[in-house]
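One structure is given here, and the rest of the page talks about it.
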Amino acid sequence: MKKIFFLIMTAFAPLMIFAQNKSGSSGVERYAVFIGSNSGGKNNQRLLYAGSDAISFQKTMAEIGGIPSANAILLLDPAKDDLDSAMQAISEKIRSNKEKSKRSEFLFYYSGHSDENSLLLGKSTYGYSKLKAAISNVPSDVHVVILDSCYSGNFIRTKGGQRQKPFLLDDSSVVKGHAYLSSSSSQESSQESDEIGSSFFTNAMLTGLRGAADSSGDKKVTLNELYSYAFNETLSKTENSSAGPQHPNYNITLVGSGDLVLSDISNSDSIVMLASDLSGRIIIRDKNGKLVSEINKSEKKPVYLALEKGEYSATLIAKNVTMQGTFNLRPGKVYELSSNSLSPVASSFNRLRGEGGEELSEDDSSAESIGSSDVHFPYSLRDGGVYTPVELSLVNNELSHPFNKKVYSTLSLGLVRSSVYETSGAMFSIFINEAEFVRGVQAAGIYNMAKDLCGLQYAGIFNRADEVKGMQYSGIFNEAKDVKGGQASGIFNRSADLAGVQGAGIFNSTKSMKGLQAAGIGNLADEIQGAQIAGIFNYADKVKKNGAQIGLVNVAKEADGIQLGLLNISKNGVLELGLSYTSNNNLRLALNSGNKHLYTVLGVEGRAQDFFRNRDDDEAYGILLGGLGTRFSYGIFNFDIEGIGNFVAYKNDSDEISSSSDDEDEWDHYDVECDFYPSLRLSVGCTPIKHFQVFGAANISYCGTRFKDAFDRLDTNIKLGSGDYKFYPEFELGVRYSFN
């Protein structure tokens, strides 16, 4: 009988699996309540970072923790009733989605004040026993509770329970139980730091979730990995603090097998990979200097971190060297941070103060031998370094190699070449200068090269620097990997990323631009957030919404900003040629180019009969049109508003007699005159098929005292107004062809 039952179940198992999959059941559905409470009542000092910690935790879990915003509730400085309402709302949401997944997981995060018995929510308290009951009533299979508050270790003390070894599970397992993590023990305070702009515990948790805790290297962070990392980091950061060391605690009672994955690094849109050749303490900060991640990397394997897109600085502190560098994370990219991305920096000169008075460290004995313990040099004299206030060489000043013996120089003079590790003053060379770091000024008759420049580079022909924070100037050519200040060149500029200003007599080129490009002839950039200004030609892959191209011809693959010129080309813009017939028996030919928000109008208009036969009388005229327009689109219909400047050209016939000593000839002399008048043009178009548009328009031209001469030459059928102020309406019907 058992065999028959087994055979039946085996036969129908595929159908059961198919039916389950067809019902739409997914793996794991996650939910969360995030709370940040800076206020702990009148007897407690107001916190600075509890709210921002909660926001950061929610953002991190939304990006790589599988908790979408629709499944999360964020409370900032809530009252007691707000917490109850949030728990009830999240419970109802889990019940309503119960059939859509085979397991649900609930995360409760709190950052704020607490005491031995309860959370302190402003003027009210929320007891631990009540909190446990509220969390237990949430109908999820797994409950993960993270408390970052003083004495929060009291929460994890469950009556009759004991600490158990974490039994963690993947999304294919059947799991029940809870995991409680606290930032401190039952008798310890939890601490926050102005330096990192966060609490020590939450900062360690977020850093770990973003990849620092991934000890296995599988790009996933498990609960076990996260707790281990957060414990070690929190303890190391607080063990010497005035409040004393902080020991995170845990209570985990999960039943199942496998790992409970809390974050997946591969889900991030931007990732930095710490290459296998990096070893030591790696510190990463954002562009505002806020600590983002701090990792002790020792194993010879890469580490992946999920960070937000943006600019970062990295510092590697190894046994014998400290290296620094910057990098830019872009969406959809994995940036490899290796030793090639970093540059060695000199250690600063430090003085130690002990109980026996003021004394130098052992490594500073070389400075002591100079004769005065109070002498301060711009750099420490360690590792056999040489301090040279002035270097002078007729041929070569290369006294060291950057990764061998260090040379620190305030001034270096060389007729052919000058090469040092760092300079804090100035370098001068008739032909070539080279330096790893320049804080002052480099000057060369032909060539300059610096790996990092903060001051000014000048060269008669060529400059090159990996980073420029000040300014580069060259008679012919500049090149820099990253420019935050400005580049100026007589002919050509080139930069991988520009945040400041580029200026060139002929041509500019940047991979990404946020500031201003200006050139006599042409500009070239991958991405524009500022402005491109050129005498003739601008090109960019993308012009962002707050960017602009200004030149005779502007070309972009995609333009959401402004293109202002005679001809503007972009794939998502307006580029169309229109022909129309007007109520004044005129033909009008116009080219519209730019984007929908602002496009350029360029065209001609004249009497229809003059287009098809030659007229030699003085009644012939032509109108040159130029102006700006904007478009509003609604499906296949569009509505355009254009401001037009009209330049009327006509022949002024006058007879003059020219005489000479030999004979007298009488001939006609024709002068071409030009008058101007403004007009407002409103049009409505319909695009029944792609690229083809039918439109009707009304032109309203203004004739004041200044514009009277122009209208004396025009054929006008309708006139409104009297005296010196008249309006001349003109209606037209035509077709347009769109090139986009």
At Ile521 and Val672, where each label point lies 7 Å from the Cα along Cα→Cβ, what is the point-to-point distance in nanometres? 2.9 nm
Share of Cα-Cα pairs in the stretch 243-290 lying beyond 16 Å, as whole percent: 73 percent
Hey, if you drop one equal point scatterer on each alpha-carbon of the stretch 217-274 and run the Debye formula without solvent, what base-10 log of I(q)/I(0) do you get at q = 0.13, 0.26, 0.30 Å⁻¹? -0.51, -1.05, -1.19
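Are any of the pairs Lys290/Lys484; Lys59/Lys557; Lys80/Lys290 more than 24 Å apart by Cα-Cα distance, and if so, which?
Working: Lys290/Lys484 19 Å; Lys59/Lys557 33 Å; Lys80/Lys290 33 Å.
In this structure, Lys59/Lys557; Lys80/Lys290 exceed 24 Å between Cα atoms.
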What distance in nm lies between label points placed 7 Å from Cα along the C-beta direction at Ser266 and Ala698? 6.3 nm
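Greater than 22 Å separation of Cα atoms is the criterion. Which listed pairs, Lys319/Lys481; Lys542/Lys596; Lys301/Lys481, meet it? Write down the numbers at each step before the final one.
Values: Lys319/Lys481 29 Å; Lys542/Lys596 16 Å; Lys301/Lys481 28 Å.
The pairs that break the limit, which is 22 Å between Cα atoms, are Lys319/Lys481; Lys301/Lys481.
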Please list 711-718, 593-600 highest first by mean number of surrounding beta-carbon atoms within 10 Å per residue. 593-600, 711-718
Members of Lys545/Lys571; Lys100/Lys333; Lys102/Lys220 lying beyond 23 Å, as alpha-carbon distances in this model show: Lys100/Lys333
Testing the spin-label approximation: label points 7 Å from Cα along Cα→Cβ at Asn97 and Lys469. State their distance in nm. 4.5 nm
Under a 5 Å amide H to amide H cut-off, with H placed in plane at 1.01 Å, what residues pair with Thr510 once short-range neighbours are removed? Ser495, Leu524, Ala525, Asp526
As I understand it, the dipole of the stretch 666-740 uses +1 on the Cβ of Lys and Arg and -1 on the Cβ of Asp and Glu, about the Cα centre. Which of Gly685, Ala697, Leu720 lies farthest toward its positive end? Gly685
Going by the alpha-carbon gyration tensor, a ≥ b ≥ c the square roots of its eigenvalues, is the stretch 176-303 rounded (a/c under 1.5) or, if a/c is not under 1.5, prolate (a/b greater than b/c) versus oblate? oblate
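Rounded to two decimals, what is the ratio between the C-alpha radius of gyration of the stretch 267-321 and 2.2 N^0.38 Å? Write down the numbers at each step before the final one.
Details: Rg = 11.4 Å, N = 55, 2.2 N^0.38 = 10.1 Å.
Rounded to two decimals, the normalised Rg is 1.13.
Determine, for each peptide in 282-295, 87-100, the mean count of other beta carbons within 10 angstrom over its residues, then list the peptides with the highest first. Please report the intermediate quantities before stating the final value.
Working: 282-295: 16.7, 87-100: 14.4.
In descending order of packing, they fall as 282-295, 87-100.
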Could you work out how much longer the chain between Asn585 and Asp81 gets when fully extended? Use 0.36 nm per residue separation minus the Cα distance between them, nm to one decimal. 173.8 nm
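Among 478-484, 229-235, how do they line up from the highest to the lowest mean number of other beta-carbon atoms within 10 Å? Walk me through the numbers on the way to the answer.
Values: 478-484: 23.9, 229-235: 20.7.
Packing order, densest peptide first, comes out as 478-484, 229-235.
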Answer in debye to the nearest 20: the dipole magnitude of the stretch 19-150 about its Cα centre, from +1 Lys/Arg and -1 Asp/Glu charges placed on Cβ, is 320 debye
To check my understanding: the extent here is largest minus smallest coordinate of the Cα atoms along each principal axis. What are those three numbers for the stretch 74-160, in Å, largest first? 39, 30, 17
Under the classification rounded if a/c is under 1.5, otherwise prolate if a/b is larger than b/c and oblate if not, where does the stretch 175-240 fall, given a ≥ b ≥ c as square roots of the Cα gyration tensor eigenvalues? oblate
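Given 0.36 nm per residue, what is the gain on full extension from Ala70 to Arg330 after removing their alpha carbon distance, in nm? Let's see the in-between values first.
On the way: separation 260, 0.36 × 260 = 93.60 nm, distance 2.61 nm.
Residue separation times 0.36 nm, minus the Cα-Cα distance, leaves 91.0 nm.
FYI, it's all coordinate maths here, none of it is from the lab. Everything quoted here is computed from the prediction, not taken from an experiment. Note that we place each Cβ from the backbone using ideal geometry, even for glycine, and neighbour counts take in every protein chain shown.
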